[in-house]
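Working notes, beginning with the structure itself.
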Amino acid sequence: MNNEDYSLAAVESTISQWKFVTIMETDQFFERLANTRLLIILLCIGVFILGGVLAVILARRQYHPIRSLFNSVSRNKTVNATINELETIKRTVTSVFEDHEKLSETVYKHQSFARDQFITKILKGGDFNKEEEITNYNNTLHLDIAGDYYASLILSLESGRSSSKKLIEKETIYELVNSFRLDDVKAFGVDLLYVDAVALIIKMDGDLATVTQKRQNFVKRLRTESKEKLRVKPIISAGSIVDHITLINRSYIEALAALEYKYYYAQGSCIYFEEIEKEPTASLGYPKEELLKIVQSIKHGDTQVAQESLTTIFDTMKHKELSPSFLRAISFEIINTVIKTITEVGITPKHGQLESVFDFQSIEGLYNELYSIIDLACDQVNSSKKSHNDQLRNNIITYLDEHYHLYDLSLEKIALEFQLSASYVSRFIKEQTGYNFKQYVQNLRIEKVKEELIATDAPIKNIVVDVGYKDVANFTRKFKGIVGMTPGKYRQLYSKQISEEM
């Protein structure tokens, strides 16, 4: 009506039958509902705005760790600007896992060499910062070396045999002792490179009363196994039992001292350090076994044990009532032994030092001079060994580089050349190059073939034969498997590239 919309509502009375009709403008009829709808819309908009603000705030807070991680990654590697942060982090984590797998594989390959180095370091009194460091090495290498008591043994090979025979015997004994087991006793062997012997650490569980018998049982069983399985009768020398892993080097020095008496024993005997026949201390004026330990400590560069033994000798001399002439005679015996030992290992004391030692005026002064000489001698022995080891490594690699083309090149041939065991040479090559012996020689040969294919027109067969391969067809398969193409295709491809570049 009048161009306005109206809404109608009607209701009929059940009593009077009257019908009541209400007519009003539609806008007026829906006025309260419109207000409610507006309120709901405004509320929804408010919630949306508030939610958006909170979402931004929370997102920024949650993004901080990701940004920090991204910044850390960016500092350590070059980041591609076209890649977002999450993708960069993902690639970095993937790379870390791949590197970890490669590192684990490398550690596994070098485990035997690392094990020998660890055992050698314990035997020679390696400077471990803390006992936890030994535990960490032990856990990493899965050695299970922790025990209640320890002792060191040395297996010396029979004299009078050829060098090649001794190398084979050393290798077989090394394998035997590392697989040898006895109740509550476990052995860890290492090849002593420059002597015809293998050193052992044995760990024993139990109390002191039982481990002594266990050590003897182990030695007897080892001697029997060596004789029956390997046809070898080594002399076994044993150091005393110690109750801590850091004291094994003392037992090792004692085993070396006991081994000095091997010429008084039959082949296949066992010599225990504590059972060595000693001259009575009363007649000597000092404990002779300590002087033996000084000799072996100097030869192996163990400053701590040598100086401890020297201190023990002089403390004993001070507390004995010895005549001046006897005391001087004992002092000269000790001087001669020390000077003779350091001369044997190739160290010449300074002239002034010798004069001070031989012209000593007091026992205290002599002790200080000898203490200083022993310290200097052990340092030089250790430096000489390190230099010798470095030179040996260089010599072996050089030998391989120069003789890779020989048909009969083998681990045994290299071992004989350098008077080492084949097992040590194998472990050494893997540790130095990352490849085993066969892989390293094969790589050298293939690289040489690649050079000759490009630089010369010689027939492929001649090139392959010259680098040490007799079976050309077999080499061709290997070459293709490694390089991805045959030698002929390689020559064709790379010779053409070099011609184009020129």
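Structural remarks
- Length released on extending from ASP183 to GLU98, taking residue separation times 0.36 nm less the Cα-Cα span: 26.5 nm
- Highest average first, the peptides 254-263, 8-17 ordered by how many other beta carbon atoms sit within 10 Å of their residues are 254-263, 8-17.
- Placing R0 at 51 angstrom, the Cβ-Cβ distance between TYR263 and GLU417 gives a FRET efficiency of 0.95 after rounding to 0.05.
- Rounded to whole Å, sorted largest first: equivalent-ellipsoid semi-axes of segment 406-497, Cα gyration tensor: 29, 14, 11
- Prolate/oblate/rounded label for segment 214-281 (Cα gyration tensor, a/c 1.5): oblate
- Label-zone membership for segment 357-397, site PHE326, 7 angstrom Cα→C-beta point, backbone N under 18 Å: 363
- Given their separation in residues at 0.36 nm each and the Cα-Cα distance between them, ALA455 and LYS233 gain 74.3 nm when the chain is fully extended.
- DSSP-assigned coil residues among trypsin sites (Lys or Arg not before Pro) in segment 450-489, each with at most 12 further Cβ atoms within 10 Å: LYS470
- Ranked by the mean number of other Cβ atoms within 10 Å per residue, highest first, peptides 203-214, 300-311 order as 300-311, 203-214.
- Added length on full extension, which subtracts the Cα-Cα distance from 0.36 nm per residue, ASP148 to ILE41: 30.5 nm
- Spin-label model distance (nm) - ILE397 vs GLN213, 7 Å beyond Cα toward Cβ: 5.4 nm
- Å² of accessible area per residue within segment 295-396, as computed with a 1.4 Å probe and no ligands counted: 52 Å²
- FRET efficiency for the LYS386 to ARG91 pair, using the beta carbon distance and R₀ = 45 Å, is estimated at 0.60.
- Distribution of pairwise C-alpha distances over segment 221-345, 10 Å bins, in %: 12, 36, 33, 14, 4, 1
- Packing-based ranking, highest mean first, of 52-61, 405-414, 234-243 given that Cβ atoms within 10 Å are counted: 234-243, 405-414, 52-61
- Förster-model FRET efficiency, 35 Å R0, GLN492 and ASN443, C-beta, rounded to 0.05: 0.95
- Segment 305-359, accessible surface, carbon-and-sulfur percent (1.4 angstrom probe): 54 percent
The values are calculated or read from the model by the stated rules, or taken from the named source; none is laboratory data. As the structure is a prediction and not an experimental result, all values here were calculated from the model. So basically every Cβ, Gly included, is an ideal-geometry build from the backbone, and we count neighbours across all protein chains shown. Side chains included, ligands, DNA and RNA excluded: accessible areas come from the protein's heavy atoms. Shrake-Rupley method; radii C 1.70, N 1.55, O 1.52, S 1.80 Å.
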